[in-house]
Amino acid sequence: MAETKRSSQQLVAPVQHKGRRGFLPIETNTFDRIFISVILWIGISLLWMRFLESISPLWVSTVLCFVLAVIIVRKG
C-alpha cells in the first residue's frame, strides 16, 4: 500500500534546467556550449598542426577557433 502512494507521486527536480535551443541541434546550457567549443578548439588545432602549419602559422588557427568559440557560446 505504501509503495502505491510513492509511485503515484511525481518526482520533480529541485532546479529547473534552463537550456536553450540555438543553431546547435541539441538543447544546451552555457557549460555544454563551452565544452563543445573547447573540444572543437582542440580538434581544429591538432588538424591545423598536422596539415596546415607549413602554409599558415598556428596563431591563425587560434584566432579562428576563438571566433568560433565566441559564436558557439553566444548563439549556439
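Coordinate-derived values only; no laboratory data. On a predicted model such as this, the values are computed, not experimentally measured, just so you know.
The phi torsions of the stretch 48-58, fed into the Karplus equation with coefficients 6.51, -1.76 and 1.60 and a -60° offset, translate into couplings of 5, 5, 6, 10, 10, 5, 6, 8, 9, x, 5 Hz, rounded to whole numbers, with Gly and Pro shown as x.
Can you tell me what percent of all Cα-Cα pairs in the stretch 26-76 are more than 18 Å apart? In whole percent, the long-distance tail amounts to 33. Each residue of the stretch 61-76 is assigned a 3J(HN,Hα), and the resulting list reads 4, 5, 5, 4, 5, 5, 4, 4, 5, 5, 5, 5, 5, 7, 10, x Hz, derived from the Karplus form 6.51 cos²θ - 1.76 cosθ + 1.60 (θ = phi - 60°), x at Gly and Pro. Couplings for the stretch 35-47, taken from phi via the Karplus curve 6.51 cos²θ - 1.76 cosθ + 1.60 with θ = phi - 60°, read 4, 4, 5, 5, 4, 5, 4, 4, x, 5, 5, 5, 5 Hz in order; Gly and Pro are left as x.
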